[in-house]
Amino acid sequence: MADGSLPPPGDPLADGTRWVRSAQVLERLLPHGILLLALDGDEPILVTGPGPDLWHVLDEPRTLAELAGLLGARYDADADVVARDLAPVLERLEASRLVTTVA
Amino acid sequence: MTQPPGFAHARVIAAWGLPGVQLRAPGDPLEPGEWRVLERVVADQRLEGLLGAAVVDGGWPATDEQAEAALDLTHRAATLWLLLERELLAVTAELEQLGAPFRVLKGPAVAHLDYPDPSWRGFGDLDVLVPGRALEHLRDRWLAAGAVRAYPEPRSGFDRRFTKSVSLRRTTGWDVDLHRSLAPGPFGLALPVDELFDTAEHFELCDRTLPALDRVGRFLHACFHASLGQAGWRLPAVRDVAQLAPRDPLEQVETLRRAQRWDAVAVVAAAVSLAEEVLGWSAPTTFVARLRAAPISARTRRWLPLYRSTTRTSAALSLAGVEAVSGLRDKLAYAGSLVLRNDDGGVAPAARRARRALALARRPPRAT
């Protein structure tokens, strides 16, 4: 935490897992989002809203806190709120083999 | 120019984003009936990405409902592009394994290399250029695995030596055209196909780097496709001509030098003029001046009208092809392959004559 205190238990921002795009993904930027297809996936998945920006910042391994910080700054939104919204999106992207986690 | 309903609007969409275009979008959203027609034409012509971009950018007026429909069209089309690109990765991996040189043609290559945004250029199949021997090898391998070819080979060896391309539906369900040349008929047969592998430009797809023709080659191919295509011209091919038209003086000179070597100046002139007419676009004036000064061979003046969709016949193109093939033996082999079909039960008199001509051609020249 910025003030040096410990994060509360279960705080997603405290999770040190780092997320990054899978190298095995085809993408197409569309006017209303980004369409992603894992080479071993079934169907492309459209990530709308800040999807293209999220995909952009996933170009290198980042923690949820880092991703939330970058997107929060971009959209002038609170990082805690962004992180809460982002966590399930990342899990869905991981389940679709579009992003991976690194140690 | 006779146009089906909705086509005038589709031309505006096809020209969207090009600098200096004179075609203008309507001032207000189309009536629902007109919009539905436009949707059909846009889907048929594979202009979904341009429509979506134009609507979002405000370049095409749309109601909320129409804007949503445009984005939905783009989404559905883009789904197809990504699935095709995945197939392209599989096909090119196989070619790399074989050690065969190849060049990715048309859709995916120009989408990634020549458009400001790849989603502006749609495509519905894959086209890959390979040398004749590799084409034959890959064709047999895919056919053995269960692929289906669209048209039978006229005569054994025709695909390797003379065909423009072989269309195959792979067992994955996707259509792939394996090209030996860039155009049907005499223009394709006159092309020095080995030269197509001398240069390349690469594009990234996923974690792979794939070779395409260089920019000059892509422009000339776009001209072939727009001017000589089988079913008349299509808007993305015409847009490619405008998108790739050389602006840099050095590139203009190299383009025309290569067009002369390929005996394709007439094709370039026809394609540029078509793009100007259809898209309301103006080609770079320096390029037009150079193009007008470039010599057009007499034979290509004769060939070009044979491709017009109203009078086009495969027989006329094949016959003109005899003139385009260089070397007596190759001419005879080509002519022979046109009259001798693999599925011939009996032998027609024309076939007997062609066989005799082939036999004569194989004799060593008599000493005089």
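For residue B:45, the criteria (1) away from every other protein chain (no Cβ under 13 Å); (2) buried (at least 19 other Cβ atoms within 10 Å of the Cβ); (3) over 26 Å from the mean Cα position of the chain (by Cα) hold in every case but one, which is (3).
Going by the conditions given, is residue A:61 within 29 Å of residue B:86 (Cβ to Cβ), at pLDDT 95 or above and more than 14 Å from every other protein chain (Cβ to nearest Cβ)? So residue A:61 fits the description; yes. Among helices (runs of 4 or more DSSP H) entirely within the stretch B:118-237, having at least 3 residues that are at pLDDT 95 or above and crowded, with 19+ Cβ neighbours inside 10 Å singles out B:132-144, B:215-228. For beta carbons closer than 6 Å, sequence separation of 6+ or different chains, a first residue in the stretch A:22-44 that is facing another protein chain (nearest Cβ under 7 Å) and in contact (Cβ under 8 Å) with a residue 24 or more places away in the chain and a second that is assigned to a strand (DSSP E or B) and buried (at least 22 other Cβ atoms within 10 Å of the Cβ), the qualifying pairs are A:25/A:36. If only residues of the stretch B:58-88 that are small (Gly, Ala, Ser) and under 23 Å from residue A:98 (Cα atoms) are counted, the one that is farthest from the other protein chains (Cβ to nearest Cβ) is B:77. Checking the conditions here, which among B:55, B:91, B:128 is within 17 Å of residue B:179 (Cβ to Cβ) and within 14 Å of chain A (Cβ to nearest Cβ)? Sole residue among the options that is within 17 Å of residue B:179 (Cβ to Cβ) and within 14 Å of chain A (Cβ to nearest Cβ): B:91. Restricting attention to the stretch B:135-185, which residues are without any contact (Cβ under 8 Å) to a residue 12 or more places away in the chain and among the hydrophobic types (A, V, I, L, M, F, W, C)? Within the stretch B:135-185, just B:144 meets the criteria.
Across the stretch B:49-65, a minimum of one residue is classified as within 24 Å of residue B:244 (Cβ to Cβ), free of Cβ contacts under 8 Å to residues at least 60 places away in the same chain, acidic (Asp, Glu) and assigned to a helix (DSSP H, G or I).
With respect to the conditions (1) without any contact (Cβ under 8 Å) to a residue 40 or more places away in the chain; (2) within 14 Å of another protein chain (Cβ to nearest Cβ), residue B:31 lacks only one, and its number is (2).
The values are calculated or read from the model by the stated rules, or taken from the named source; none is laboratory data. In this text, all values refer to a predicted model and were calculated from it rather than measured experimentally. Virtual Cβ from ideal backbone geometry, glycine too; neighbours counted across all protein chains shown.
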